Structure formats: C-alpha cells, structure tokens
Amino acid sequence: MTATAEPSVNEFGQARKRKEDARLISGRTRWTDNLTLPGMVHLAVLRSPVAHATITSIDVGAAKQAPGVTAVFTGRDLADEQGSLPCAWPISPDMVAPQAPSLAVDRVNFAGEAVAVVVARSAAEAHDALELIDVDYDDLPVVLDMEAALADGADLVHPELGTNRSALWAFDSAEVGTGGDVEEAIRGARDNGVVVKRRFRQQRLIPAFMEPRSVVMDPTGEQMTLWSATQIPHVLRVMIAMTLGVPEHKVRVIAPDVGGGFGGKLQVTPEEIITFLVARRLGKPVKWTEGRSESLVSGHHGRDQIQDLTICANRDGTVTGLKVELLADMGAYLRLVTPGVPILGAFMYNAIYKIPAYHFACTNVFTDKTPTDAYRGAGRPEATFAIERMMDELAAELGMEPLELREKNWIKHEEFPYTTISTLTYDSGNYEAATARAKELFDYDGLRAEQQRRRAANDPVQLGIGISTFTEMCGLAPSRVLGSLSYGAGGWEHAAIRMLPTGKVEVVTGSSPHGQGHETAWSQIVSDQLGVAFDDVEVLHGDTQSSHKGMDSYGSRSLTVGGIAVVKAAEKVVEKARKVAAHMLEASEDDLEYDRGRFTVRGTDKGTTVADVALAVFAAHDLPEGVEPSLDSDATFDPENFSFPHGTHLCATEVDTETGEVSIRSYASVDDVGTVVNPLIVDGQIHGGLAQGIAQALYEEAVYDEAGTLVTGTLADYLVPSAVDLPHFTTDRTETPSTTNPLGVKGVGEAGTIASTPAVVNAIIDAVRHLGVRDVEMPCSPQTVWRAINAARGQVKSTSEGSTETAAGGGLGSIDSQHGGAR
C-alpha cells in the first residue's frame, strides 16, 4: 500500500486559497528578469521619437566605443534574417498587410518603433550608450485620424500598399440566411416604428500589465532556449521557427511565472525576435527588459474604434433590426491577431437579444500609431458597450423603462439552446434569474424612487442608474469555427497526467497561466477525478520541453478547454487503471464500480485505489496480459462550441451637475459562469475585470498629439486606477451549467471587463439625460461630463451628435488634436 492521503470532501467547488500564491508573494518565484546566466549581456532598444519618417542615416560609431558595450545593431544589420513579424489572422482573402520588421530598416511608422539596439555588460551601460546613437530622420506626413485616412488622396502610412484600408469584413443576416434585411427593417421602422442612430467612440487603451515584458535568450546549448514573459510559449515557439527559419525542435521556450498579461502578452514581439537574433549572432546569453514608459509606447494597445450603430424597433419596443458599421484602428502594423479582434465582436452585437435582421461591417485602418491587438475581452467589450448603450437610447426614445425593454427582447430561459442571428448557438442561460438577483442586491426599485425625488428637487448632484445585461462568446474554440474565420491556428488544448509510483500526480498542461490560478484549479479537478489529495498534485506548465504542445491562455479558454483536457486525460488514467484493478481484485472489469479514486467490486467490500494500482504498475510484477506498465495518459480536447457566460450588472452613479464629478455609489453584479470550480478564484476574476472595465469608463485613455507622439506615456498620465479609486462591489452568481463540456463550466476571465463599462457610462448618462445629455465620451472625466452637460444646455458649442467640443487637452492636460477634452 502507498502512503497517500485521500481527500475527505470533494474539491470541486471549494474556495481553496491558490497554492501558487505562497511563492508569488514571498519572493520565491522566478520572473524572466530575475534570471542571470553565465556570460549574460544586456540589450537596450533605441526607439523612434517620430511617428512617420524615412531613416536617412544611423551613426553608431560613438555607441560602439562606449564603456561596457559589446555590440550595436541596426535594422540594416539584421535585415536579411529578421523576417516579418507574423499576423496569424488574415480575415479576408484581399486583406492588405505590410512587412513588419522587428527592427526598422528604411522607415519608421510609429513613435516607439525600434530602430537600433545596444548590447552591453550591464543594462545601465546599454541604456547610456543609446544616447550616443545619432539617427537622421526625414519626416513624412503623419496619419492619425481613421476617417481622414480613408479619404481620397489621403497620406499613406505604407505608400507601397497604395491604401490605408487593410480589410473590410462584413456579415449580413439576409445574405447568410439567418434573418431578414436590415435596410428593409429600418425603412419599415421609419414609417411605423422608431429608428435610433448613434456614434460611439471606443478610446485607445493600454494593457498596463504589472510585470514589464522581459526576454532572455541562451544560444549556448543543444537547444536555443528563450525565456519570455509571454502568455503564449507554444505559439511563440512555432512562430519563431516559421519567422526565422529555425528548426522548431532546436527551440525551447519557457514562460516562467508571468505577472499579468490581459492580452498584452498574447504576442510575438519585436523584442523577442531581436533578442533571439542578437544572442545567436553573439553566441552568448542576452537579456532585454523594458521600462514602464517603454512598455506603454511600444507594447501593443487595445480597442480604438469608431462605432456607428442604427437600431430600429416597433412602438411597443420589439427590436426589428440592428446595423453596425465600424472603423477599427490597426495602428501601423498587423500584429499576431490584430485584424481579427474587432471581428470577434461581430458575433456579439446581438448579445442576449432576439434581433430578426442584422448587418455588421468593419473596416480596418492603418494609422501611424502603436499597433493594436488583443486586450481583455478583445472585441466583445466593444460590442457589449455599443448594444447596451443602444438599448438605453432606444428605451429613452420610446419612453420605456430600460430593464423592461431588455426583458421584452432577450432570449427566455426556456428557449435554450438558441441559435442567434449571428449564427452562434447559445447552449444555456437564464437572464431572468441573474437580473432578478441583481435587482434585489442593488435595491433597484428603491434607487429609482430616490432618483425621481432628487430630480423633482432639482438636486445639483443627480443619481443615475446604469444597466448592462450581457453575454459573451469565450473559450476560443472549436478549431473548425476558427478555421472558418481564417484564424491561423486551432482552438484545442492538450493535457497529460503522470501517475507516480507513490500515488502522487504530475499534471502537464498546454495552458500557460499568468495569474489565473491554474495550479490550484487543475489540482482540484484531478483530486476529484483520481481521488488523490489536493497537495499531492503538481501542475507543470509554460515550458515547451516538459509541455510539448498547447495553445496557451487567452480568451477565457483555460478552464473550458484546458481544464477539460485535464478531465479527459484523467478519464484515460482511470480506464487504464480499471484493467489492472480488476486483475488485482480477481474480478471482471464489468463488475467494478469507480468513485473518486477507488475501485470496488460491486456487492462486496473488496476494493483498491488508483494510487495502489500506480504502485503495482510501477513494479509490473503481475499485470494482465497485453497491458503496458504505465497509467500515464494524455488528451487533446477540442470543444464543440464556445462557452457563453452571462450576467446582469447594475451601477448607481452620483453626478455633480455643477462640476461634472462622478462617483460610483453602488455596484452590483450577478454573473453566470456555469459550474464553479473555485469560488475564490472566480470572485477574484470578476473583481479584476470590474476594475478594468470601470477604468475604461472613467480613467484610461492613450492619447496622441498632432505629431503622433504618445503623451500618456507614463503612469502619471495614463490613469490606471488604484483600489481607492474604485467602489465596493457586491457580487453574486447564478448557475446554469454549460451543456458542451463534462464539468458544465464557462469562462470567467473577461466577464467583468465586458459588462462593467456600459453599466457605468449608462449610469452617468441616466443621471443627466433629463438635462438633454445623451452621450459622454469615455473616459468620463469631470471636465468631459461638465462639457456634455453644458453643451446640452447650450452653454458650450456642440460639434457632433452625442459628443461635445472641448478645449485642447487629453490625459492630464496633454493635447488630443482629434477629439479634444481636458481629461
């Protein structure tokens, strides 16, 4: 018998503290920047201070002579081997994409683009030597505004392409056959119903992860080993091999503990390629670690869309059609999944509503800004914001209570599974239950009554109530669907279970955590599946040598895809163990019953455990004929559908109509993420998501001046909120298990971010709608809100529907030549 503790209770559903936290908070972990290898040198990157220019010359002579400097490289030095950074999502056959060098050769296309690198004995010496490099630039016209970029005769970001339009992607329900003609629906509503048209702006955001990006490359072994603070070690390995022509089996990628990502580390970065090439050229280990301002200016950004929406309905509030037209800013280049991010939203604008006619069109546009790519939610927050804002606008036009309008149009719980106008099949949900619980926690009726009293009293501080009833598609898979969208990879995930002779378990996962709690959740799953103690499970991840295949972590896919792969591997372990257990117990396999790690002979007290079987298999003295001496098993899981978490978020704001100051008085959210493995981890994900969604509504914006310089390039200017800037959250859950995986789980990592932004903005507008305000551009700073109120009163000139003209400013007094607004 093996000395292995058996769990006394089910681990599934227990609020376990994360086992990885002890090392993370005590400094016993290893971040990429902590690594020190023998003979290692340090790399620093010189970045362009201008947004668009031809490089006429680079003089590196003085830098090469600087103390401690080992080498200096320009784009010309690496031009023949650096290739072009990969874009894995060509959304249309005619998509236009420029070459994307890691180190600029002849031209720079955004401020922050890498133009040269210095390698030195220390990071300080490398950065000092950057000051000695002399670059001559010949300025080119700077393209910043998307609409101007598409105009005839516009200046071009990439003249060789002949256009600033990268791609047009469209979906039309009439053409596809899932619904009616939206133009016909709009014409009908103009005659007999209501048509509401609005323009919204999704401001540019920066992921601002806690740990800066860092890369170490060691070329001295049989394999070239790259450590990186990345979300995608497996994808990165493949892309390095394909981009640089390096044999894949000679590349090992390790993502050690990674301090957050939010999509910002879902990337093949220029610095990873540069560090790899420089280390290979020098034959010694090289490290690059960015500073915070460097991260803000050069790491990819998110959002940045102009959204034109038209919604039409009957007079009773029944929605009859929705038309969505987007402009999406790609920035200067197409990074790994840049073109597809806004397209993900195409399937979510219909949200939880039964919309009979739908048209979506997105034009992707190049500008001389930092490239955009995935940021927490990736296309779905933008869609949810737009439709939830439109439902409030429609309710105001009809004079309906906004929750009643939503309920009139949403999918009822008895209608699941439900195939939407955008072709997705929602497997489960109960919007009524989540909304009822949220109203109860929030005291919805009481706050509405207070709102009426304060309006009647003409209180200078008005109360607003914001609503967001949302769903999302997440768990990015199945592979066949991603393939139909021209995505360059699958959506499967791999896991392996190694049964050790002492009954302990090693779990190898292709998911690569960066704060999600995989080690804890996976241990809980395996504990219940195999009947081993929680602490007897070790989870291995992030190293392509020990975890040889995987699709990594993003899009709320870890549990719904990676976790299910673990379940499938555990099921194979049990089936292998069953044959041996039957032999040990001298019984037929058909007579064995299995429950949480223990086999028993039906109708008797005879039994044995998986741990006992593992030891017997290790000894291999008496195994059934034809059975190999191993219980180790692996599985690759490719789901049949996305998962569809949903919820209702309610926000109460108080808006000072004299100063524009906004404070969140209360916030209640009820989310349905299916069956919950660990409530503590789920609560943490919801809270973190709420913080980021509220940050978009109130605080964060990446702002460029008229020359294309990022003027919010420090955390003094780019306003990431702290705990004191955020309200208390009242959270709860309802539970409708997913029907498409054996655990019934749904994704949770992006839910809070997706739902919270429209809840906050709707609350702000609801507080001042009676004053004539129907839109406030994000971030809703005091001055932006004040100007919207005074524009509605006619005291500030209005420039466009739903927006107001503002004084020069943006990001604590920096200048935004496009939109204005002292933030």
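The values are calculated or read from the model by the stated rules, or taken from the named source; none is laboratory data. No experiment lies behind these values; they were computed from the predicted model shown. Don't worry about glycine lacking a Cβ; one is built from the backbone with ideal geometry, like all the others, and counts go over all protein chains shown. Accessible surface areas use protein heavy atoms only, side chains included; no ligands, DNA or RNA. Shrake-Rupley method; radii C 1.70, N 1.55, O 1.52, S 1.80 Å.
In the stretch 248-266, the residues that are touching a residue at least 40 places away in the same chain (Cβ under 8 Å) and closer than 21 Å to E750 by Cα form Cβ pairs under 6 Å with partners that are open to solvent by 10 Å² or more (accessible area, probe 1.4 Å) and among the polar types (S, T, N, Q), at six or more places apart or across chains, as follows: D257/T29. Of the residues making up the stretch 88-106, those that are touching a Ser or Thr at 6+ places or on another chain (Cβ under 9 Å) and over 15 Å from P270 (Cβ atoms) are W89, P90, I91, S92, P93, M95, V96, A97, D106. Each residue in the stretch 275-293 was checked for being closer than 28 Å to P339 by Cα and either small (G, A, S) or open to solvent by 30 Å² or more (accessible area, probe 1.4 Å) (or both), and 4 pass. Of all residues in the stretch 105-131, those satisfying the criterion of being in contact with a Gly (Cβ under 6 Å, 6 or more places away or on another chain) and farther than 12 Å from V41 by Cβ are V105, A111. Counting residues in the stretch 112-129 that are touching a Pro at 6+ places or on another chain (Cβ under 6 Å), of a type in the set (A, V, I, L, M, F, W, C) and on the phi < 0 side of the Ramachandran plot gives one or more.
For the stretch 512-530, taking the residues that are open to solvent by less than 10 Å² (accessible area, probe 1.4 Å) and outside any helix (DSSP H, G or I), the one that is farthest from D638 (Cα to Cα) is identified as G517.
Restricting to the stretch 658-689, name every residue that is of a type in the set (V, I, T), farther than 23 Å from P417 by Cβ, assigned to a loop (DSSP other than H, G, I, E, B) and open to solvent by 10 Å² or more (accessible area, probe 1.4 Å). Give the derivation first.
Just the residues of the stretch 658-689 that are of a type in the set (V, I, T), to begin with: 659, 662, 664, 670, 673, 675-677, 681-682, 686.
Narrowing the set further to residues that are farther than 23 Å from P417 by Cβ leaves 659, 662, 664, 677, 681-682, 686.
Applying the additional criterion that residues be assigned to a loop (DSSP other than H, G, I, E, B) yields 659, 677.
Answer for the stretch 658-689, where residues must be of a type in the set (V, I, T), farther than 23 Å from P417 by Cβ, assigned to a loop (DSSP other than H, G, I, E, B) and open to solvent by 10 Å² or more (accessible area, probe 1.4 Å): just T659.
A search for C-beta distances below 7 Å between a residue of the stretch 639-657 that is under 30 Å from Q795 (Cα atoms) and any residue that is assigned to a loop (DSSP other than H, G, I, E, B), counting only pairs 6+ apart in sequence or on different chains, returns D656/P460; T657/P460. Inside the stretch 480-506, residues that are under 29 Å from H646 (Cβ atoms) and either touching a Gly at 6+ places or on another chain (Cβ under 6 Å) or open to solvent by less than 10 Å² (accessible area, probe 1.4 Å) (or both) make up a count of 5.
A quick yes/no check of all residues on (1) aromatic (F, W, Y); (2) more than 33 Å from the chain's Cα centre (by Cα); (3) open to solvent by less than 10 Å² (accessible area, probe 1.4 Å):
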| position | (1), (2), (3) |
| --- | --- |
| A386 | no, no, yes |
| E393 | no, no, yes |
| E404 | no, no, no |
| K408 | no, no, no |
| I411 | no, no, yes |
| Y418 | yes, no, no |
| T423 | no, no, no |
| A449 | no, yes, no |
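Filtering D181, D145 for residues that are surrounded by 15 or more Cβ atoms within 10 Å (Cβ to Cβ), closer than 19 Å to K323 by Cα and not β-branched (V, I, T) leaves a single hit, D181.
Report the residue count in the stretch 155-167 for those that are within 17 Å of Y704 (Cβ to Cβ) and open to solvent by less than 50 Å² (accessible area, probe 1.4 Å). It would help to see each step written out before you state the result.
Initial filter on the stretch 155-167 (within 17 Å of Y704 (Cβ to Cβ)): 155, 157, 164.
From the residues that got through so far, the ones that are open to solvent by less than 50 Å² (accessible area, probe 1.4 Å) too are 157, 164.
Final tally of qualifying residues: 2.
Hey, does the stretch 342-358 have a residue that's open to solvent by 10 Å² or more (accessible area, probe 1.4 Å) and over 12 Å from S422 (Cα atoms)? Scanning the stretch 342-358, I find no residue that is open to solvent by 10 Å² or more (accessible area, probe 1.4 Å) and over 12 Å from S422 (Cα atoms), so the answer is no.
The residue of the stretch 425-447 that is nearest to I352 (Cα to Cα), among those that are among the acidic types (D, E) and open to solvent by 40 Å² or more (accessible area, probe 1.4 Å), is E432. Working only within the stretch 208-232, note down all residues that are among the hydroxyl-bearing types (S, T, Y) and either part of a strand (DSSP E or B) or surrounded by fewer than 20 Cβ atoms within 10 Å (Cβ to Cβ) (or both). Selection gives S214, T220, T225, S228.
Residues are listed down the side, and each one gets a yes or a no for (1) in contact with a Gly (Cβ under 9 Å, 6 or more places away or on another chain); (2) over 17 Å from E654 (Cα atoms):
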residue: F416; (1), (2): yes, yes
residue: S428; (1), (2): yes, yes
residue: E432; (1), (2): no, yes
residue: R437; (1), (2): no, yes
residue: L441; (1), (2): no, yes
residue: D445; (1), (2): no, no
residue: R448; (1), (2): no, no
residue: Q452; (1), (2): no, no
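Against the list (1) closer than 22 Å to S643 by Cβ; (2) surrounded by fewer than 24 Cβ atoms within 10 Å (Cβ to Cβ); (3) out of contact with any Lys or Arg (no Cβ under 7 Å at 6 or more places or on another chain); (4) not aromatic (F, W, Y), the condition D732 fails is (3). The number of residues in the stretch 233-268 being of a type in the set (D, E) and assigned to a helix (DSSP H, G or I) comes to 1.
When R665 is tested against the conditions (1) at pLDDT 95 or above; (2) more than 30 Å from A788 (Cβ to Cβ); (3) among the basic types (K, R), the lone failure is (2).
Would a scan of the stretch 691-707 turn up a residue that is assigned to a loop (DSSP other than H, G, I, E, B), touching a residue at least 24 places away in the same chain (Cβ under 8 Å), surrounded by fewer than 22 Cβ atoms within 10 Å (Cβ to Cβ) and of a type in the set (G, A, S)?
Our first condition is that a residue be assigned to a loop (DSSP other than H, G, I, E, B); within the stretch 691-707, this holds for 699-703, 705-707.
Narrowing the set further to residues that are touching a residue at least 24 places away in the same chain (Cβ under 8 Å) leaves 699-703, 705-707.
Filter again for surrounded by fewer than 22 Cβ atoms within 10 Å (Cβ to Cβ), leaving 699, 705-707.
In the following step, the residues that additionally are of a type in the set (G, A, S) were identified as 707.
There is at least one residue in the stretch 691-707 that is assigned to a loop (DSSP other than H, G, I, E, B), touching a residue at least 24 places away in the same chain (Cβ under 8 Å), surrounded by fewer than 22 Cβ atoms within 10 Å (Cβ to Cβ) and of a type in the set (G, A, S).
Restricting attention to the stretch 763-778 and to residues that are closer than 14 Å to R201 by Cα and in contact (Cβ under 8 Å) with a residue 60 or more places away in the chain, the residue that is surrounded by the most Cβ atoms within 10 Å (Cβ to Cβ) turns out to be M778. With respect to the conditions (1) farther than 30 Å from G264 by Cβ; (2) touching a helix residue (DSSP H, G or I) at 6+ places or on another chain (Cβ under 9 Å), L559 lacks only one, and its number is (1). Across the stretch 51-67, the number of residues qualifying as exposed (fewer than 12 other Cβ atoms within 10 Å of the Cβ) and assigned to a loop (DSSP other than H, G, I, E, B) comes to 2.
For the stretch 459-479, enumerate the residues that are under 21 Å from the mean Cα position of the chain (by Cα), open to solvent by 10 Å² or more (accessible area, probe 1.4 Å) and at pLDDT 95 or above. Of everything in the stretch 459-479, just one residue is under 21 Å from the mean Cα position of the chain (by Cα), open to solvent by 10 Å² or more (accessible area, probe 1.4 Å) and at pLDDT 95 or above, namely S479. Taken as a whole, the structure places T757 among residues that are within 23 Å of the chain's Cα centre (by Cα), polar (S, T, N, Q) and assigned to a helix (DSSP H, G or I).
Look at (1) surrounded by fewer than 24 Cβ atoms within 10 Å (Cβ to Cβ); (2) among the β-branched types (V, I, T); (3) under 21 Å from the mean Cα position of the chain (by Cα) and you find that V258 fails only one, number (1).
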